[in-house]
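Inspection log for the structure reproduced underneath, given as structure tokens.
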Amino acid sequence: MGSYMQAPILGFLCQMCTEVERHVIHLYGERARHLQLVEKMEKYLSIRVCQSDPLPKTICSKCVEVVLHAAMSKKEAAIKPGPAAPPPEWTCP
Ligand SMILES: [Zn+2]
């Protein structure tokens, strides 16, 4: 019986905090799509996710909270009148 602490894979790498987590959400999975995580990461946190880049495509539940919170607080701020800046164009390389 070996120790599970020696297991080579403890979880998945989070794209945002780069920590290895056992509970992650795949950025192109159904749940992330439902929460519009990729769109929110780009829009509110300027984190660009591209399906063809070599970065991990999973984020941990802590970072999901961060994304959703950022989206929520910036949406509230956006209600104030002011010049709306168009989002920068982004295309996958
Ligand atoms: Zn994370």
How would 62, 43 line up from fewest to most surrounding beta-carbon atoms within 10 angstrom? 62, 43
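Counting other beta carbons within 10 Å of each Cβ, put 89, 39 in order, fewest first. The partial results should precede the final answer.
Details: 89 5, 39 15.
Lowest to highest Cβ neighbour count: 89, 39.
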Give the Rg (one decimal place) followed by the Dmax (whole number) of region 20-76, computed from C-alpha coordinates and expressed in Å. 10.9, 34
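We did not get these values from a lab; they are worked out from the coordinates using the rules stated. Nothing here was measured: the structure is a model prediction, and the numbers come from that model. Note that we place each Cβ from the backbone using ideal geometry, even for glycine, and neighbour counts take in every protein chain shown.
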